[in-house]
Amino acid sequence: MADFFAHLNYVNTAKFWLIAGTGMAILEAARVVLGRFAQRPVGHE
């Protein structure tokens, strides 16, 4: 039974890191995109 709970804890930890990693990747992508737009002011090449 202890092995079952250990496995459950491992799965929950893996899910947490997967979600956290995905969220960080999305935030990083948004930051890069916004940074590119900020580098190109309107009226300038």
Response to the item:
At R0 = 30 Å the Cβ-Cβ FRET efficiency linking residue 7 and residue 34, nearest 0.05, sits at 0.15
Worksheet item: In a shell of Cβ-Cβ distance under 12 Å around residue 9, excluding residue 9 itself, what net charge do Lys and Arg (+1) and Asp and Glu (-1) give?
Response: 0
Worksheet item: Against the longest alpha carbon principal axis of the chain, how many degrees, from 0 to 90 and to the nearest 10, is the axis of helix 2-38 turned?
Response: 0
Worksheet item: Based solely on its DSSP helices, what 222 nm [θ] is calculated for the chain when runs of n ≥ 4 H residues each add -39,500 (n - 2.57) and the sum is averaged over all residues, nearest 500 deg cm²/dmol?
Response: -30000 deg cm²/dmol
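We did not get these values from a lab; they are worked out from the coordinates using the rules stated. Here the structure is a predicted model, which is why all the values come from computation and not from measurement. As a convention, Cβ positions derive from the backbone with ideal geometry for all residues, glycine included, and neighbour counts pool all protein chains shown.
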